[in-house]
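Just so you know, all these numbers are worked out from the coordinates, no wet-lab data involved. All values derive from a computational prediction rather than experimental measurement. We place every Cβ from the backbone using ideal geometry, glycine too, and count neighbours over all the protein chains shown.
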There are 4 protein chains.
Amino acid sequence: MAGNSFGAQFRITTWGESHGPAIGVVVDGCPAGVVLSEEMIQLQLDRRRTGQSEITTQRKEPDRCRILSGVFDGVTTGTPINIQIENQDSKSSSYDSIRKAFRPGHADYTYLTKYGIRDHRGGGRASARETACRVAAGAVARAFLLRYGIDVFAHTVKIHDIAASKFDRFAIEKNDVRCADPDAATLMVERILAARKQGDSVGGVIEVLGFGVPAGLGEPVYDRFDADIAKALMSINAVKGVEIGAGFSAAALNGSQNNDPMRMKNGSPVFLSNNSGGIDGGITNGNTLVARIAVKPTPSILKEQMTVTSDGAETPISVEGRHDPCVVPRAVPVAEAMTLLVIADHYLRNRSARA
Amino acid sequence: MAGNSFGAQFRITTWGESHGPAIGVVVDGCPAGVVLSEEMIQLQLDRRRTGQSEITTQRKEPDRCRILSGVFDGVTTGTPINIQIENQDSKSSSYDSIRKAFRPGHADYTYLTKYGIRDHRGGGRASARETACRVAAGAVARAFLLRYGIDVFAHTVKIHDIAASKFDRFAIEKNDVRCADPDAATLMVERILAARKQGDSVGGVIEVLGFGVPAGLGEPVYDRFDADIAKALMSINAVKGVEIGAGFSAAALNGSQNNDPMRMKNGSPVFLSNNSGGIDGGITNGNTLVARIAVKPTPSILKEQMTVTSDGAETPISVEGRHDPCVVPRAVPVAEAMTLLVIADHYLRNRSARA
Amino acid sequence: MAGNSFGAQFRITTWGESHGPAIGVVVDGCPAGVVLSEEMIQLQLDRRRTGQSEITTQRKEPDRCRILSGVFDGVTTGTPINIQIENQDSKSSSYDSIRKAFRPGHADYTYLTKYGIRDHRGGGRASARETACRVAAGAVARAFLLRYGIDVFAHTVKIHDIAASKFDRFAIEKNDVRCADPDAATLMVERILAARKQGDSVGGVIEVLGFGVPAGLGEPVYDRFDADIAKALMSINAVKGVEIGAGFSAAALNGSQNNDPMRMKNGSPVFLSNNSGGIDGGITNGNTLVARIAVKPTPSILKEQMTVTSDGAETPISVEGRHDPCVVPRAVPVAEAMTLLVIADHYLRNRSARA
Amino acid sequence: MAGNSFGAQFRITTWGESHGPAIGVVVDGCPAGVVLSEEMIQLQLDRRRTGQSEITTQRKEPDRCRILSGVFDGVTTGTPINIQIENQDSKSSSYDSIRKAFRPGHADYTYLTKYGIRDHRGGGRASARETACRVAAGAVARAFLLRYGIDVFAHTVKIHDIAASKFDRFAIEKNDVRCADPDAATLMVERILAARKQGDSVGGVIEVLGFGVPAGLGEPVYDRFDADIAKALMSINAVKGVEIGAGFSAAALNGSQNNDPMRMKNGSPVFLSNNSGGIDGGITNGNTLVARIAVKPTPSILKEQMTVTSDGAETPISVEGRHDPCVVPRAVPVAEAMTLLVIADHYLRNRSARA
């Protein structure tokens, strides 16, 4: 089975290479009757877009989206929605030097090994440019989920070894790293710029939060909600770890500490803590959804590294081109998008739970 | 889409509840020509079985498997393989007290919310007993992958706050916690017994290693190898985090530290380090596969907790019954099994990569 | 992707060979809250069972079913339902003569070519015995659809060149060929017995009717309702053709004859004719569902035929064993079952049509 | 699960409405290394294109295709191939009269019933215009299968009640109805023109033949090769019946007539007849693949019919606009395309049959 689709019921298929004429996504399974416009999608694409600040790549892509199908009179019709984005500022010539050399930490070697051929220009299909399509699709999911009061956002909780220690939701979009702690944000930006000055890069950690996610989503025992969140988030370029709720720190707790006690409140069960991250037994429990991802430092660095070529030669490499010294801030809307897609998919799947 | 299947090409479907007459798994898509016997499956089931040591539950299930289809003259025929295990030592009466009360940290509340009905006996479908079926299916995958020299095993690297610091593969199966560091193993066992004495439980971390996994496995950009590993491992009961290679620690590295440099060795490319955990761009690179999972402390504890019932009453609860004070050691073969299933599935899917 | 599953949301997976210890089916995705008992399944299995009359095979299988999971207190729980049937009266020795010879019209040659190995005993997995599992699964779908007033039944409309010309629903189960025309039924039985006397066999045509199927089922443009019906029915052993509504005869009509005119009746649209068979544009229109299938004559005949062996020798063959001289009557409940499964699947999928 | 994808391994997803800005298809799972150009696709699109003769609609669509991804240096890379076709000659105003009225034999009523909204312009998604995307995808499958010597073509065997009685492959593309019998072709064209003169339409039957299809394709017991062919062909607009090999006529044969006897020839098994249509037990047997489909008469006719509107009023309707009086000739390349897609999909799936 080919791997460029995600979701069972609310299903997306993305296509396009970094330096081809365009990239796009087909959303199949979005219910009819959802109000959707290009503006709603553009709003999210603009958050992921490059060239927004001094800490992102200077490739200038307007990332202007067009809806080519599936929407009639401003409303989805239940038919596939194709959203397309032209590539405009691709400079393939910058990549001539890596036509043969495998950039360390990139997919150059693995794509060639797998397929016997690769589009080396800008990383081809392996480029993070593909994530624009995820964000576009996520905007459709967001439009669908809006009517149910579901609200998802993400923020940077760590860059390199600088961790956020305060949380102000309204601060997030006001700094270049999308951190809810403005003071930490300042240090994070400095750390990124310092890395870039050395021709190096840094990674970080993003937290995704989901409010209003109803209890009951998730299809045990394999398409559990947490399992699909893990897949969705791990499928994002550069992500090397995913944890839910207390995550890895739960491993060092006792059961009596980690269990979330329940009480009644206004006639409904509530949880006094949230180590579960809103998921018990693979099914959402109505508590806030909490997931975190580890993002590795951008592999494209100016600093010289040693590598090999497809001819079997060893060679030093210094990855030129226009790269983010830290992809974490731009990965924030991507993490949101993937989470929204999982929620939309399971929201629909859950409609089959009862006769 | 129903959620009890895993895998696209090498596909399993499990069925059965903790206290029903039997549990089982149908393996569909195992190629013809694989030598397979009940003994090969039993060997793995015995590793997961209860009652093996003082730190596991005292429920005594022989977990005797039977192959009911798909094997002829000792060889798989390409048709579905049904493997079945009878439940023998289920004591449903122990569960009468929780017919209405929601055990904290369990799926009682979420199953009832989702389906409007639940088999409360032993956790029903949400019981970790289901993982026996995963181990049985994993044994089939192991038999298939054996011929390609692929070798997967897992070991406990942390229990509560005690971490392993040495690695001796042959020590793993010689201690009750399946730790490759015999000294740490001793401390770990003590820690588990101490928790049990207090009516409490502990969690831990397991590492899975895959040797001989060929480069080229994984189907970008969604069915990436790492994304499917994340889903597979996160779908195991009690798992709250998954990381690949350097994982969360990669977030605090520079790109120049985290990138794995390549060199030529005997005419083939090799990596000088393995922060990638054997996966670049979602495709295996031929390096050792490395994944780690966080296992939460067993939610079933004797210590009294407060919770609510399906009638909306608040009640103290002390979870009786026969429970593992720490599920980590028994989760080791389950983590191996899920990893083997992902490899087998992608091994077959990769056969379509080239014309 | 392995091929032993059917359905996307209401999904079945069957397993088992004709002469293995048992056969069975896992139904995954049946909603919670459906009243289901072994009796309800047995009722349908008994209709497909052998040894019911002089025109069926004399293999005596009680086909006693057991539900091993997914039902609690007489109601489905939303978890996988495994239904199992033991094989009792298999006489594998009768098949020793065909260990090497390929029976004409059978799957012997194709299974061996595909898999390189085959379980020759009773046709192994290719045996029509597998259809018992379809009937069991269909009974679950029937139980689910019952609450929505959906009623599906099938009847024999042709055996060899004898066609039914009257329709009395209540006559169907009163004759051995399941024909709604009692007079034609008598001739049909004679024709079958005559064929058997000559060591030969005959085929026929079955019509499936669905009443109460709501408008709106079907997922264009590939998982159209008619496309899934075609797949479901063509997947039944011995079926070589499927038509919907006017079917092949529509090819010789004018548009003005074939179009079904609409009128209003009691405030709702109705159709004055039903050449569409209840499906327009791949979506049910609320009219009666009508499908017909062509069933080929049983390939197993006593009459001597020439064939080849897996050793490359030519040999005469006379297929001994206990075979139906005409499988049409026993295919009637199978055709119903497959139709019920398609309806149940699309009934659930349609729940995602609107936001 | 959304319904706009077809195929498990060689998988297509189509999008676009008749009167939207464009239509297209994403082919995911085409192996890397297939030589593919826009010309190869255009060649097939031109066969389906309108305005080719006096018997087709006068809507003039150049159907110029563009490959936007998945091909690099003239060769597929294993990544998704997006092929796009602009809509140019859509006259939406012709459809204002049917904004509310349901055209008999069309999907107007069913789409509105299902989704609560519909794009009425030109039939929206239900338009046969979507089949251009199938033809484009089929051209990719053809390019892939070419290297294995697989050759698929279709021809018209019946229009209304005029049947072909001769077979000259090279005659097919030389007449407007794509009939292999030039004399019958002349009569068929006359019949179509006569129908049009009366404001009416006619249907017909198409036969698809596949040469060089290797034995072993098909995944029993549900994704049988014949079952997937049935689904593929029944999913084409206006198709109401599918038969394989002897098809419905097999129902009136004896087993001794219908079975295809085997003999050895040059060391390989061959069949002396082909009532099976190249498929036994759901798996190809190496014989020529033979399938036939019944195509209903075009529902869009000028002749006045009675129908109802979405307001619940009864109204006469005369379907203006530019329509084919017979869609059979243009359905020929579509039937080929769907067959090629099934073969390509099963060709790849069969790579997993043996260890």
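Observations
- Across chain C, the mean sequence separation of Cα contacts (distance under 8 Å, 6 or more residues apart), normalised by length, yields a relative contact order of 22 percent.
- Listed by chain and number, the aspartates and glutamates placed with their C-alpha closer than 15 angstrom to that of B:Lys100 are B:Asp108, B:Asp119, B:Asp311, B:Glu314, B:Glu320; residues fewer than eight positions away on the same chain are left out.
- Within chain A, the percentage of alpha carbon pairs spaced more than 25 angstrom apart rounds to 56%.
- Once the gyration tensor of the Cα atoms in the stretch B:1-120 is diagonalised, the equivalent ellipsoid follows with semi-axes of 31, 20, 11 Å, ordered largest first.
- Cβ neighbours within 10 Å from other chains - mean over C:343-354: 5
- Counting Cα-Cα pairs of the stretch B:44-98 in 10 Å increments starting at 0 gives whole-percent bin shares of 20, 35, 27, 15, 4.
- In degrees, nearest ten, helix D:131-146 long axis to first principal axis of chain D (Cα): 20 degrees
- Rounded to the nearest 20 debye, the dipole size of the stretch A:5-352 about its Cα centre is 100 debye, using +1 on the Cβ of Lys and Arg and -1 on the Cβ of Asp and Glu.
- Shortest-first nm distances, C:Met306 label point to equivalent points in other copies (7 Å, Cα→Cβ): 6.3, 7.2, 8.9
- Innermost chain A residue relative to the axis carrying A onto C, by Cβ distance in angstrom: A:Arg351, 2
- Label 7 Å beyond Cα on the Cβ vector: D:Ser318 copy-to-copy distances, nm: 7.1, 7.9, 8.9
- When only the Cβ of Lys, Arg, Asp and Glu is charged (+1, +1, -1, -1), the dipole of the stretch B:85-234 relative to its Cα centre reaches about 540 debye.
- Lys, Arg +1 and Asp, Glu -1 on Cβ, resulting dipole of the protein assembly as shown about Cα centre, debye, nearest 20: 0 debye
- Estimated 222 nm signal from helices in the protein assembly as shown, with DSSP H stretches of n ≥ 4 weighted -39500 (n - 2.57), rounded to 500: -7500 deg cm²/dmol
- Computed E for A:Glu320/A:Arg147 - FRET, C-beta separation, R0 35 angstrom, nearest 0.05: 0.15
- Computed over the alpha-carbon pairs of the protein assembly as shown, the distance histogram in 10 Å steps reads 2, 9, 17, 22, 21, 16, 9, 3, 1, 0 percent, short to long.
- Farthest toward positive dipole pole in chain C [+1 Lys/Arg, -1 Asp/Glu at C-beta], among C:Pro325, C:Thr14, C:Thr79: C:Thr79
- With a simple spin-label model that places each label point 7 Å from the Cα along the Cα-to-Cβ direction, the separation between A:Ser97 and D:Ser165 comes to 7.7 nm.
- Packing-based exposure ordering (other Cβ within 10 Å, fewest first) of D:Glu61, C:Glu320, C:Glu39: C:Glu39, C:Glu320, D:Glu61
- Among beta bridges from DSSP that stay inside the protein assembly as shown, the antiparallel ones total about 95%.
- Shielding by other protein chains, A:152-159, mean Cβ within 10 Å: 1
- Gyration tensor over alpha-carbon atoms, the stretch A:69-151, equivalent ellipsoid semi-axes in Å: 36, 14, 12
- Counting from the shortest, the label point at A:Glu54, 7 Å from Cα toward Cβ, is 6.4, 7.6, 9.9 nm from the same position in each remaining copy.
- Cα Rg over Rh - the stretch A:158-270, Kirkwood: 1.04
- The stretch B:202-355: projected area of the alpha-carbon convex hull, averaged over directions, in nm²: 13.2 nm²
- Selection among C:Ala164, C:Ala184, C:Ala143 by position relative to the dipole of the stretch C:142-192 gives C:Ala143 as farthest towards the positive end (Cβ unit charges, Cα centre).
- Likely footprinting exposure, D:Asp324, C:Asp200, C:Asp226, A:Asp108, fewest C-beta neighbours within 10 Å first: C:Asp200, D:Asp324, A:Asp108, C:Asp226
- Taking a straight Cα-Cα cut-off under 19 Å and skipping sequence neighbours fewer than 8 places away in the same chain, the lysines within cross-link reach of C:Lys166 are C:Lys158, C:Lys174.
- Straight-distance crosslink candidates among aspartates and glutamates, where the alpha carbon sits under 16 Å from B:Lys296 and sequence neighbours closer than 8 are dropped: A:Asp226, A:Glu243, A:Asp260, A:Asp280, B:Asp161, B:Asp200, B:Glu207, B:Glu243, B:Asp324
- Among C:63-75, A:167-179, sorting by the average number of other beta carbon atoms lying within 10 angstrom of each residue, highest first, gives C:63-75, A:167-179.
- Mean per-residue shielding of peptide C:273-281 is 5, counting Cβ atoms of other chains within 10 Å of each Cβ.
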